Amino acid sequence: MKRNYLLVIIPLLITACQPKATTNAAATSSATPAYPYSIKHPDYWTMDTSHANTIVALSALKSYETMDTALMKKCFADSITFNYDNGVFKGTNSQFVKMAATMGAMMKNDKIDMKDWEAVISNDKKEEWVTLWYTQKWTNQKGATDSTELVNDMQFKGGKIVKLNEYVRHVKK
């Protein structure tokens, strides 16, 4: 009789010692983490792997660096909003290119040292943005060299830049 109990107990012991599958809410992709702040649409963005907008954004910056106004006109939409340090520009493509050429004329030997970029698209495919991180170095009209670190957020519609937000890191000298 003891032998029969052993035959029943051994499979129960083996089953009891097996690791059980656990569900970890943080590990599942559908779980929403407990963010310390709340926003209307958390985790709303996906990486844009098409590279089309990234190429346009980089070409737009390169056109400014080299003052290639023909290329610059191709990168921007007919109407542009440009938010920059202490100012806002809203106008046409031609007006924007003219303003950029005026700003660029104040700087010689303008060089861009690109650090990184990222292109994203909203999950509903209604918004597309490219962000660039870079250092800009130049020589001013008096011959002094200077540099600053910048972040550009560029919004796209139809493959062209419609909005440019420029953020400048100010360094005390």
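State all residues of the range 45-82 that are surrounded by 13 or more Cβ atoms within 10 Å (Cβ to Cβ) and part of a loop (DSSP other than H, G, I, E, B); if no residue qualifies, say none.
Those that are surrounded by 13 or more Cβ atoms within 10 Å (Cβ to Cβ) and part of a loop (DSSP other than H, G, I, E, B): 48, 67, 68.
Name every residue in the range 148-160 that is more than 17 Å from residue 56 (Cβ to Cβ) and open to solvent by 60 Å² or more (accessible area, probe 1.4 Å), in order of residue number. Let's see the steps before the verdict.
Residues of the range 148-160 more than 17 Å from residue 56 (Cβ to Cβ): 148-151.
Listed by number, the list holds a single entry, 149.
Which numbered condition trips up residue 107, out of (1) hydrophobic (A, V, I, L, M, F, W, C); (2) more than 30 Å from residue 45 (Cβ to Cβ); (3) surrounded by fewer than 14 Cβ atoms within 10 Å (Cβ to Cβ)?
(3)
Only residues in the range 41-53 that are closer than 8 Å to residue 123 by Cβ count as the first member; pair them with residues that are of a type in the set (A, V, I, L, M) and not in a helix (DSSP H, G or I), Cβ under 8 angstrom, at least 6 apart or cross-chain, and list the lot.
Within 8 Å, the pairs are 45/120; 45/121; 46/120; 46/121.
Which residues, taken from the range 83-101, are open to solvent by 60 Å² or more (accessible area, probe 1.4 Å) and under 21 Å from residue 169 (Cα atoms)? I'd like the intermediate steps shown before the answer.
Quick first cut of the range 83-101, residues open to solvent by 60 Å² or more (accessible area, probe 1.4 Å) only: 84-86, 88, 90, 92, 94-95, 98.
Hits for the range 83-101 are 84, 85, 86, 88.
Quick one: residue 32 ticks every box in (1) more than 30 Å from residue 158 (Cα to Cα); (2) at pLDDT 95 or above except a single one, so which number is it?
It fails just one condition, (2).
Six or more apart or on different chains, Cβ atoms under 9 Å: show the pairs whose first residue is in the range 62-85 and in contact (Cβ under 8 Å) with a residue 60 or more places away in the chain and over 17 Å from residue 103 (Cα atoms) and whose second is surrounded by fewer than 16 Cβ atoms within 10 Å (Cβ to Cβ) and of a type in the set (Lys, Arg).
These pairs meet every condition: 77/157; 79/90.
Could you list, in sequence order, the residues of the range 127-147 that are open to solvent by 40 Å² or more (accessible area, probe 1.4 Å), assigned to a strand (DSSP E or B) and either in contact with a Pro (Cβ under 8 Å, 6 or more places away or on another chain) or not basic (Lys, Arg) (or both)?
Step one: of the range 127-147, the residues open to solvent by 40 Å² or more (accessible area, probe 1.4 Å) are 127-129, 133, 137-138, 140-147.
Add one more test, that the residue is assigned to a strand (DSSP E or B), and what stays is 128-129, 133, 137-138, 145-147.
Listed by number, the residues that qualify are 128, 129, 133, 138, 145, 146, 147.
The values are calculated or read from the model by the stated rules, or taken from the named source; none is laboratory data. On a predicted model such as this, the values are computed, not experimentally measured, just so you know. Methodologically, a virtual Cβ is constructed for each residue, glycine included, from the backbone with ideal geometry; neighbour enumeration extends over all protein chains shown. The protein model used for the area step is the full one, side chains on, heavy atoms only, and it has no ligands, DNA or RNA in it. Shrake-Rupley method; radii C 1.70, N 1.55, O 1.52, S 1.80 Å.
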